[in-house]
Amino acid sequence: MAIFLHRVGRLAFRQRWYVVLIWVAVLAFTGLSALKAPEASDKGFSMPGIESQKAFDLMEQRFPGTAADGATARIVFVAPSGERITAPGNRQAVEKAVASLADGGQVVSASDPFRSKTLSRDGRTAYATVTYEVGAKDLTDASKSRLEEAVHSAQDAGLTVEAGGSALNAGGGPGGTAELIGVAVAAVVLLVTFGSLAAAGLPLLTALIGVGVSMAGILALAHALDLSATTSILAMMLGLAVGIDYALFVVSRYREERARGRAPQEAVGLAVGTAGSAVVFAGLTVVIALAGLAVVGVPMLTKMGLAAAGAVVVAVLIALTLVPAFLGFWPNAVLTRRARKGGQAEEQDTRNNGGTRWARFVLRRPLPVLLLGVAG
C-alpha cells in the first residue's frame, strides 16, 4: 500500500495540471447535474417499527388528510385592559379571524376558542390552534400571508394578537452559520499552528472542494435514490471534518520531509506513502462505521450513513491526489518562514518541542498515564 501511494503522490506532483483539471471537471459535472436534477421529494422522517411511527401511521388512518407532523400555528388574542374577550365586539373579531384561517388553503382545521373553551380564567385571553396538512417548509406564501392577514385584522379591531408555532419557522438547512464559524475557527487554529497562510489554507481549500463535490453529488442523486433533505447534513459535517484532517496529515508529513532536506517531489511521495496510508486506513474505518448504520434497519439512517460514507471517500481521494498536486504548484509556500527565506528547508529541532516532551513523559511513566486515561 505504501509503495503504491508513494507512486500516486509522485505522479500527482508531476502531472499536477491534469489532476487539478480532472477535479475541476468532476466538480463542474456534479454541480451541473445537481442544478438539472429534479428536486427530491421530502417525505419526512420514517422509522418503521418504533412506537412513534406507529402512532403517526394510526393518526393518518383515523384522520385522513391530517399529517401528524404537519405545521401548526397558535394565535393568542388578548382583550384591551378592563374588557373581556367574550364581549360582542371582541368575540366577533376573534371569530372572523378564525373563520378566515379555516377557509385558507392547506388548512386542516382552525379551532374556535369559544367552542373549544380555550379561554383564560379572567376572560381576557383566548387562543386558537390552526393545523396544516403539510410541514412548515411546504407551506405556500399564500398560506403564510393569510395567517398574517388574520392577525392584522384582529389587531385592527383593538385586540392584542400574537402568533407562534412551527408554521412561522423559517426553516434551515446545511451550509449555515455553524459551518462558517467552524471553518473560521479551523483557519485560525491552523494559521497559529503552522505559521503559514498557505499551510493553513491548503487543507481548508481541498476540504471545501471535497464537500462541494459530495454535496453536489448527493443533490444530483437525491431524486433518483429518494433522499430526503436531511440526508446531506451528516455528509457535510463529516466531509468537512475529515477533509481538513486528511489533508493536514499529508501537508504535515511533507513539511517534515522537506525539513530533512529532501526534494519536493520525493517529499510528496514519502508524505503520501506514509501519511496517506494512515488516511486510507482512517477513512476506511469511518466508511465501515457509517455503512453500519444500515444494521439499525431505519431507511433514513441508512441513507444518511451511506451519503456521509461517500463524502469520506471523496475526502480520502482528494487528500491522496489533489493535495500533492497543489504542493507541486507551490512546493515552498507551506514551509516555515525561516525555511522559505533560506531558500531550502532546514532540519527542524524537535528535541524540545511540546509534543516530544509529552512523548518522553508518557514513555517514562506509562502505568500512571494508563491508569489516568482509564479513570478519565
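What follows draws every value from the coordinates through simple rules; no lab data is involved. Fair warning: this is a prediction, and the values are worked out from it, not measured in the lab. Cβ placement follows ideal geometry from the backbone for every residue including glycine, while neighbour counts extend to all protein chains displayed.
Going by alpha carbons, how many degrees (0 to 90, nearest 10) lie between the helix axis of 16-36 and the longest principal axis of the chain?
Its long axis makes an angle of about 10 degrees.
Could you give the length gained by full extension between ALA263 and LEU371, i.e. 0.36 nm per residue of separation minus their alpha carbon distance, to one decimal place?
Numbers: separation 108, 0.36 × 108 = 38.88 nm, distance 4.37 nm.
Stretched fully, the ALA263-LEU371 segment lengthens by 34.5 nm.
Mind checking the full-extension length gain between THR356 and SER33? Use 0.36 nm per residue of separation minus the Cα-Cα distance, one decimal, nm.
Details: separation 323, 0.36 × 323 = 116.28 nm, distance 4.89 nm.
Once the chain is fully extended between THR356 and SER33, it gains 111.4 nm.
Points 7 angstrom from Cα along the Cβ direction at LYS54 and LEU197: gap in nanometres?
Spacing of the two 7 Å Cα→Cβ label points: 6.2 nm.
How far is helix 2-14 tilted, in degrees, relative to the longest principal axis of the Cα atoms in the chain, given as a value from 0 to 90 rounded to the nearest 10?
The answer is roughly 90 degrees.
Set the Förster radius R0 to 22 Å, insert the Cβ-Cβ distance between ILE181 and ALA289 as r into 1/(1 + (r/R0)^6), and round the FRET efficiency to 0.05.
On the way: r = 26 Å, r/R0 = 1.19.
According to the calculation, E is roughly 0.25.
Would you work out which of HIS152, LEU168, VAL107 lies farthest towards the positive end of the dipole of segment 94-214, given +1 charges on the beta-carbon of Lys and Arg and -1 on that of Asp and Glu, about the Cα centre?
LEU168
Quick check: Cα centre of segment 353-376 to Cα centre of segment 272-338, how many Å?
Each part reduced to its Cα centre gives a spacing of 29 Å.
Taking the convex hull of the Cα atoms, report for segment 72-168 its projected area averaged over all directions, in nm².
Numbers: hull surface 21.8 nm².
Over all viewing directions, segment 72-168 projects a mean Cα-hull area of 5.4 nm².
Which order, highest average first, do 206-215, 11-20 follow once you tally other Cβ atoms within 10 Å for each residue and take the mean per peptide? Please list the in-between numbers first.
Numbers: 206-215: 23.2, 11-20: 17.7.
Those peptides, ordered most packed to least, come out 206-215, 11-20.
Working from Cα positions, state the angle (0 to 90°, nearest 10) between the long axis of helix 177-194 and the longest principal axis of the chain.
20 degrees
Relative to the Cα centre, what is the charge dipole magnitude of the chain, using +1 at the beta carbon of each Lys and Arg, -1 at the beta carbon of each Asp and Glu, and rounding to the nearest 20 debye?
Details: 34 positive and 27 negative charges, 411 e Å.
Its charge dipole is roughly 1980 debye.
For a quick protection proxy, order the peptides 288-301, 314-327, 180-193 by their average other-Cβ count within 10 Å, most packed first. Walk me through the numbers on the way to the answer.
Working: 288-301: 15.0, 314-327: 25.6, 180-193: 13.3.
My ranking of the peptides, most packed first, is 314-327, 288-301, 180-193.
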